[in-house]
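Student: Before I ask anything, let me first share the structure, which is written out below as structure tokens.
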């Protein structure tokens, strides 16, 4: 399930995707426009900076900008950076695998098999969508 951190991160990244290339956006502006608590957004943008999705500049004329073009950023990568695994349970995750205590280590159970299929479906959608495409979807929704 997408957490508030993941949702707010996607909203902030979509906001930055709508900025003219190289023009920074202030955290306070992003937070106000997207109804995100500013303090929480500060922490989220810090994680996105550490993950290499945004750059920040302090002082006059500062703010946040995308580190790459929106066409080069996959939604799935943002979600993974903020929320971790896409799989509903740890034993179905590829990148964040955790073995279940109640299952045999050498044989997946039926729950793991179905949850791995769910993970694949989620990853397929999120990894096929770029930040630019997500921005366009938002622009096509009537106000």
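Student: What angle, in degrees between 0 and 90 and rounded to the nearest 10, separates the Cα long axis of helix 110-128 from the longest principal axis of the Cα atoms of the chain?
Tutor: Taking Cα atoms only, the helix is inclined about 20 degrees.
Student: Still on this structure: When the Cα centres of segment 61-106 and segment 1-34 are compared, how far apart do they sit, in Å?
Tutor: Comparing the Cα centres of segment 61-106 and segment 1-34, I get a distance of 19 Å.
Student: So what is the relative contact order of the chain, in percent, for Cα pairs below 8 Å that sit 6 or more residues apart?
Tutor: 27
Student: For the residues 40, 53, what sequence is obtained by ranking on other C-beta atoms within 10 Å, fewest first?
Tutor: The most exposed by this proxy come first: 40, 53.
Student: Calculate the FRET efficiency for residue 33 and residue 69 from the Cβ-Cβ distance with a Förster distance of 22 Å, rounded to the nearest 0.05.
Tutor: The value I calculate is 0.55.
Student: Let me ask something additional. Could you sort 82-94, 20-32 so that the peptide with the highest average Cβ count within 10 Å comes first and the rest follow in order?
Tutor: With the highest mean Cβ count within 10 Å placed first, the list reads 82-94, 20-32.
Student: Provide 55, 15 in ascending order of the number of other Cβ atoms located within 10 Å of each residue's Cβ, fewest first.
Tutor: Ranked by crowding around the Cβ, least crowded first: 55, 15.
Student: Right, next: Which number comes out as Rg/Rh for segment 4-139 once both Rg and the Kirkwood Rh are worked out on C-alpha atoms?
Tutor: Over the Cα atoms of segment 4-139, Rg/Rh equals 1.07.
Student: Specify the angular offset, from 0 to 90 degrees and rounded to the nearest 10, of the alpha carbon long axis of helix 38-50 from the longest principal axis of the alpha carbons in the chain.
Tutor: So the helix axis and the longest Cα principal axis differ by about 70 degrees.
Student: What list do you get for 101, 120, 77 if you sort them by fewest beta carbons within 10 Å?
Tutor: Exposure proxy ranking, most exposed first: 101, 120, 77.
Student: Rounding to the nearest 10 and keeping the result within 0 to 90°, find how far the Cα-based axis of helix 4-17 lies from the longest principal axis of the chain.
Tutor: So the inclination is approximately 40 degrees.
Each reported figure results from applying straightforward, stated rules to the coordinates on display, with no laboratory input. What you are looking at is a predicted structure, and each value in this text was computed from that prediction instead of being measured. Virtual Cβ from ideal backbone geometry, glycine too; neighbours counted across all protein chains shown.
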